[in-house]
1. Being modelled with pLDDT under 90, in a loop (DSSP other than H, G, I, E, B) and open to solvent by 80 Å² or more (accessible area, probe 1.4 Å) is the filter here, so list the residues in the range 1-46 that pass it.
2. For residues in the range 47-58 being of a type in the set (S, T, N, Q) and either touching a helix residue (DSSP H, G or I) at 6+ places or on another chain (Cβ under 6 Å) or under 17 Å from Gly71 (Cα atoms) (or both), which is least open to solvent (accessible area, probe 1.4 Å)?
3. Using beta carbons and a limit of 6 Å, which pairs, at least six apart or on different chains, have the first residue in the range 48-77 and at pLDDT 90 or above and the second one open to solvent by less than 40 Å² (accessible area, probe 1.4 Å) and charged (D, E, K, R)?
Amino acid sequence: MNKSNFKNKKYWNDGFGKKTKAKIRGRDKNKCRICYSKIKLVVHHKNENRADNRFKNLITLCWQCHNVIHGIRRMKQKSKRYNIKLIKILGEY
C-alpha cells in the first residue's frame with residue numbers, strides 16, 4: 001500500500017475508530033501484550049494491513065514495543081529480547 005491511501009481517513013478508519021480501539025484495549029486488559037506496560041498504549045494491526053480490522057488481527061502494544069515491532073519488520077531481523085514473545089503473539093511474519 002502506498003502512503004497516499006492513508007491520507008483518506010475513511011479508507012483506514014472504517015471499523016477502526018475509538019470504540020474498536022477501546023474494545024481491543026479492554027480485551028487486552030489495558031496492557032501491552034509484550035511488556036505489560038500500561039503507558040502510552042496503541043492498537044496495532046498484526047499483519048500491518050490497516051484495512052484489516054478483525055479483532056484477531058488487532059493487539060494492544062505500548063509505543064516502545066510498537067516501534068520495536070515496526071523496526072524488526074523493516075530490518076527483517078528479530079530482537080533477541082522480544083523474539084519468543086513476538087513470535088507467539090504475532091505469529092511468523
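The values are calculated or read from the model by the stated rules, or taken from the named source; none is laboratory data. Computed from a prediction, not measured in an experiment: that's the story for all the values here. Cβ: placed from backbone, ideal geometry, glycine included. Neighbour counts: every protein chain shown. These accessible areas exclude ligands, DNA and RNA; they are computed on the full protein's heavy atoms, side chains included. Shrake-Rupley method; radii C 1.70, N 1.55, O 1.52, S 1.80 Å.
1. Those that are modelled with pLDDT under 90, in a loop (DSSP other than H, G, I, E, B) and open to solvent by 80 Å² or more (accessible area, probe 1.4 Å): Met1, Asn2, Asn8, Asp14.
2. If we take residues in the range 47-58 being of a type in the set (S, T, N, Q) and either touching a helix residue (DSSP H, G or I) at 6+ places or on another chain (Cβ under 6 Å) or under 17 Å from Gly71 (Cα atoms) (or both), then Asn49 is least open to solvent (accessible area, probe 1.4 Å).
3. Thr60/Asp28
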